[in-house]
1. What residue, among those in region 80-100 that are at pLDDT 85 or above and not hydroxyl-bearing (Ser, Thr, Tyr), is surrounded by the fewest Cβ atoms within 10 Å (Cβ to Cβ)?
2. For region 360-372, enumerate the residues that are within 20 Å of the chain's Cα centre (by Cα) and open to solvent by 10 Å² or more (accessible area, probe 1.4 Å).
3. Looking at region 336-350 only, could you name the residues that are open to solvent by 30 Å² or more (accessible area, probe 1.4 Å), farther than 21 Å from SER386 by Cβ and of a type outside the set (D, E, K, R)?
4. Being open to solvent by less than 50 Å² (accessible area, probe 1.4 Å) and either in contact with an Asp or Glu (Cβ under 7 Å, 6 or more places away or on another chain) or not aliphatic (A, V, I, L, M) (or both) is the filter here, so list the residues in region 115-140 that pass it.
5. Please enumerate the residues belonging to region 195-213 that are touching a helix residue (DSSP H, G or I) at 6+ places or on another chain (Cβ under 7 Å) and not small (Gly, Ala, Ser).
6. From the list SER152, SER170, SER192, which one is modelled with pLDDT of 90 or more, touching a helix residue (DSSP H, G or I) at 6+ places or on another chain (Cβ under 9 Å) and in a helix (DSSP H, G or I)?
7. Out of the residues in region 263-298 that are at pLDDT below 80 and touching a Cys at 6+ places or on another chain (Cβ under 7 Å), which is least open to solvent (accessible area, probe 1.4 Å)?
Amino acid sequence: MCQNHCATGDCIDLYEDGLSLQAKTDPRVLAVHGSTPQTIPHLPLPPCRPEARVWTVMLLLGTCLLYCTRVTVPICAVALSTYFDWDKKQSGIVLSSFFWGYCLTQIIGGHISDQIGGEKVLLLSASAWGFLTVLTPLLTRITSAHLAFMASSRFLMGLLQGVYFPSLASLLSQKVRESERAFTYSTVGTGSQFGTLVIGGAGSLLLDWYGWESVFYFSGLLTLLWVYCTCKYLLSEKGKSSHTHPLLPPAAQKITDQNCLMRGLSISKQTKVPWKQLFRKAPIWAVIIAQLSTASTFFTLLSWLPTFFKETFPESKDWVFNVVPWLVAIPTSLFSGFLSDHLISQGYKTITIRKFMQVIGSGVSSIFALCLGQTSSFCKAIVFASASVGLQTFNHSGISVNVQDLAPSCAGLLFGVGNTGGALLGVICVYLAGYLIETTGSWISVFNLVAAVNSIGLCAFLLFGEAQRVDTDSAYMDL
């Protein structure tokens with residue numbers, strides 16, 4: 001199409017009416033209409049990859065701070081009970097209030113993110129929960145209804161944080177190409193382990209030195225600092241990083257100025273999602289069932305593993321079983337993402353790799369959970385627990401990114417549907433696990449429950465899972 005043949009091939013064809021543009025140095029093609037082409041040699045494209053690295057790091061820190069603020073109350077639970085003279089039942093009300101709020105905003109958060117952009121929802125919600133965390137110790141001084149206030153505060157915290165992961169799924173589905181989604185999501189997902197470790201270490205020290213209020217100030221102020229830095233140094237750069245060219249008309253310049261996390265993204269132009277057709281697709285239900293299963297079993301292990309170790313090995317050190325499994329989960333999550341993207345880049349089918357990762361995340365991890373119930377050795381129990389928790393992070397490279405494969409135009413909402421169901425089923429499984437312990441007197445039944453629920457989700461995904469897009473009613477541009 002070029003009138004002048006560039007030796008390097010670095011040329012862009014631009015029609016005189018400014019409505020058609022083709023970049024030959026990049027796989028992105030934006031087709032409008034036109035007639036007579038002109039040649040603009042060596043037009044630079046936006047430097048997406050360096051920005052991608054910065055965004056990945058910032059989202060990793062955001063996930064870390066999400067868990068720092070989330071775990072603030074559990075870390076301070078004993079101190080709060082003493083300070084406000086709560087019994088176990090009242091402490092349980094405060095702790096469980098977060099969960100009910102968390103369930104309510106998953107779907108709406110994902111839907112809004114699909115419409116206006118995940119980064120906007122992430123930063124708005126983070127600002128709100130950061131302020132709430134900082135203000136909580138101050139507001140307890142001006143109210144006498146401490147139980148009602150703290151329960152309401154945790155409920156509101158759940159509402160605000162419920163939008164995070166659906167928004168993250170929406171953002172990555174629209175900004176990251178398929179061959180790099182697994183590693184990006186796995187990297188960002190390690191923030192949950194980092195956050196748990198940071199607040200567990202620094203929070204415990206602050207609690208001993210300065211009291212429970214300092215833990216709230218620490219996590220809340222760090223969150224607000226993260227929001228400020230992200231807005232100032234990343235979002236504000238959108239307008240500054242544009243690559244202008246004197247021959248580009250406004251329509252084409254707007255295209256080249258688009259900000260992306262990675263090359264090869266796919267942007268939907270649809271305004272209406274065909275929900276009826278979408279939920280008739282077997283792959284959609286397969287990934288939702290699998291996500292529901294893995295989320296509920298994760299909540300079950302998260303809730304009962306400390307009690308299991310405390311009762312089964314009463315002489316063991318708390319920090320060992322509270323820290324080691326989460327330390328192991330960080331490198332395994334990163335490795336799973338790297339391995340998944342590497343195999344896809346080598347030519348393996350995307351769905352084959354997604355299912356392979358899910359077999360490890362749900363199947364192999366369940367085997368180690370079953371072994372955990374059979375051992376009487378503390379060292380072996382730590383190994384089995386670390387393997388089970390660590391291998392569960394392979395789900396990040398399986399079903400978590402499969403939602404983005406299937407429907408990037410509404411990945412946030414679909415992720416919210418699965419996460420909401422997983423959270424609700426998690427409550428049932430956590431309660432059922434406690435019931436089984438009371439009635440059978442054996443922890444084996446708990447780990448059998450985990451394996452059974454994981455098996456249901458894994459079978460559904462293996463039988464009906466796909467990686468081809470199903471939101472095909474949209475008009476898309478390959479950028």
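The values are calculated or read from the model by the stated rules, or taken from the named source; none is laboratory data. Note that the coordinates shown come from a computational prediction; the quantities given were computed from them, not determined experimentally. Glycine gets a Cβ as well: all are built from the backbone with ideal geometry, and neighbour counts include every protein chain shown. Note: accessible area is taken over every heavy atom of the protein model, side chains too, but ligands, DNA and RNA are not part of it. Shrake-Rupley method; radii C 1.70, N 1.55, O 1.52, S 1.80 Å.
1. ASP85
2. Matches in region 360-372: ILE360 only.
3. HIS342, LEU343, SER345, GLN346, GLY347, TYR348
4. GLY117, GLY118, GLU119, SER125, SER127, TRP129, GLY130, THR133, THR136, PRO137, THR140
5. Residues satisfying the conditions are THR196, LEU197, VAL198, ILE199, LEU206, LEU207, TRP212, GLU213.
6. Criteria check complete, one pass: SER152.
7. Here the residue is VAL273.
Quick grid of which residues meet (1) open to solvent by 10 Å² or more (accessible area, probe 1.4 Å); (2) under 14 Å from the mean Cα position of the chain (by Cα); (3) at pLDDT 85 or above:
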{"site": "GLY158", "(1), (2), (3)": "no, no, yes"}
{"site": "GLU180", "(1), (2), (3)": "yes, no, no"}
{"site": "PHE183", "(1), (2), (3)": "yes, yes, no"}
{"site": "SER186", "(1), (2), (3)": "no, yes, no"}
{"site": "GLY203", "(1), (2), (3)": "no, no, no"}
{"site": "SER214", "(1), (2), (3)": "yes, no, yes"}
{"site": "SER219", "(1), (2), (3)": "no, no, yes"}
{"site": "LEU225", "(1), (2), (3)": "yes, no, yes"}
